[in-house]
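The values are calculated or read from the model by the stated rules, or taken from the named source; none is laboratory data. Just so it is clear, the model here is predicted, and its values are computed rather than measured. So basically every Cβ, Gly included, is an ideal-geometry build from the backbone, and we count neighbours across all protein chains shown.
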Amino acid sequence: MKRNLVRRNFLKTGAGAAALSFTLARPEWVFGAAANSKLEIGIIGSGGRGKWIANLFEQHGGYKVVACADYFQERVDDLGEKYGVEPTRRHTGLSGYKKLLESKLDAVAIESPPCFHPEQAAAAVAAGKHAFVAKPIAVDVPGCQSIEASGKAATAKKLAFLIDFQSRTDPFFIEAVGRVRQGEIGKIVSGQAAYLTGRLGLHAEPGSPEARLKNWVFDKALSGDIITEQNIHALDIATWILDAAPLCAVGRGGRKLRVDVGDCWDHFEVIFDFPEDIVLSFHSKQCGRGADDIMARVYGETGTIDAHYGGVVNIKGDKPYEGGETKGIFTDGAVRNIATFHESITKGDFSNPTVAPSVRSNLTTILGRTAAYTGKEVTWEEMMRTGEELDLQLEGLAG
Ligand SMILES: NC(=O)c1ccc[n+]([C@@H]2O[C@H](COP(=O)([O-])OP(=O)(O)OC[C@H]3O[C@@H](n4cnc5c(N)ncnc54)[C@H](O)[C@@H]3O)[C@@H](O)[C@H]2O)c1
């Protein structure tokens, strides 16, 4: 309860993002003068992706992992041992990231459960650290607004702030979407998007607050549900191709098979209305086997863009584009984002272009989720006006 109040006040006042104290980290990075030194980075969230991405930061050659934070001691020790992080720089508990931010480092990678991204990103910017943030940026509307404010505050403070979506870095995706923008599939009629996959494994036997945190991916409030946490990749591609946010949505879905843990649904079906009478149908399942895919396809008057995360990206029609396979996108995209983040910092480009499209696609997932939960048509305007905040229910966890 206390924790939720803190979070609510944080989101309401915009503390951390709007009312920032000005501290510029390592001004020499701005001018690219420190060519021989490495950026010192801290990892917030030392679980699966945190540990995996720490390796990619080290492999880049321009970073040194110097600190880490996680709720659990064993997670920071695991990551810490692997990358030589001193025990005094391994921070635990829900607020351990604050101690990490007080220490001497240039940047952070935020790899914690999505519900914590807004407060951690705002605190990072307030502390003068460059922020590399895993998707999704947030689980609710106030969280998305907070990330938007943090992105702007970062730019004002000459800090890099990058959201790690992989498809927007891929050359085939970039070329194909560019061609659609140039009118190569003609007037856009409609589209579809899908995230179809099997169920995920348990991280802990359910039954305690700690187990719930370990199983955050099955928890609506901690993850934003599968439509926000996982399916966002497909809806991010769709909103990128259409270069628009939906006006309204109707949806259905439920929880049929995966009922042994958490409260997330295991399937969603949503119809989104976009400007210019463009309708997008969206399908999602996180259960069963077969037909797995992460895709968006948009149909135009003279052609179709067919874009699959981890599969083929092309355009068929009057002006075809052969495109190619994006098999390595999961790693390649993160590697490219890590390189871009480094370049932004060392060359002083703080325009932070990944923030706006990430806010848009994140809100799109929340619109679809709200429509499906309520069973009613929900407009974008209504969703923004209501500004529903999810209750994280963090009682029983160490602060
Ligand atoms: N392709 C992708 O872009 C991709 C793939 C996988 C995961 N992700 C994202 O990466 C993030 C982490 O996912 P994961 O798969 O590593 O999950 P994970 O559960 O393996 O790791 C998350 C870690 O965060 C820790 N944590 C919990 N509360 C914390 C807090 N308050 N402060 C710091 N750490 C805290 C957990 O204990 C856990 O160790 C999520 O946002 C997820 O959506 C992105």
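Checked against (1) surrounded by fewer than 17 Cβ atoms within 10 Å (Cβ to Cβ); (2) in a loop (DSSP other than H, G, I, E, B), Val189 passes all but condition (2). Note down all Cβ pairs under 7 Å where the first residue falls in the stretch 172-197 and is assigned by TED's automatic domain parsing to the domain that holds Ile294 and under 24 Å from Gln230 (Cα atoms), the second is outside any helix (DSSP H, G or I) and of a type in the set (Asp, Glu), and they're at least six residues apart or on different chains. Within 7 Å, the pairs are Ala194/Asp293; Leu196/Asp292; Leu196/Asp293; Thr197/Asp292. Restricting the stretch 79-119 to residues that are of a type in the set (Asp, Glu) and within 9 Å of the ligand (Cβ to nearest atom), the residue that is nearest to the chain's Cα centre (by Cα) is Glu111. Taken as a whole, the structure places Ala134 among residues that are of a type outside the set (D, E, K, R), near the ligand (Cβ under 10 Å from one of its atoms) and not assigned by TED's automatic domain parsing to the domain that holds Glu381. Tell me, yes or no, whether the stretch 194-201 has at least one residue that is within 21 Å of the chain's Cα centre (by Cα), at pLDDT below 95 and aliphatic (A, V, I, L, M). Looking through the stretch 194-201, at least one residue is within 21 Å of the chain's Cα centre (by Cα), at pLDDT below 95 and aliphatic (A, V, I, L, M). Checked against the criteria, Arg297 does not count as at pLDDT below 95 and either surrounded by fewer than 19 Cβ atoms within 10 Å (Cβ to Cβ) or not β-branched (Val, Ile, Thr) (or both). Within the stretch 295-336, the set of residues being among the charged types (D, E, K, R) and either in contact (Cβ under 8 Å) with a residue 12 or more places away in the chain or touching a Lys or Arg at 6+ places or on another chain (Cβ under 7 Å) (or both) comprises Arg297, Glu301, Asp306, Lys316, Asp318, Lys319, Glu325, Lys327, Asp332, Arg336.
Whether a residue is more than 14 Å from the ligand (Cβ to nearest atom), at negative phi and out of contact with any strand residue (DSSP E or B) (no Cβ under 8 Å at 6 or more places or on another chain) was assessed, and Val177 does not pass this test.
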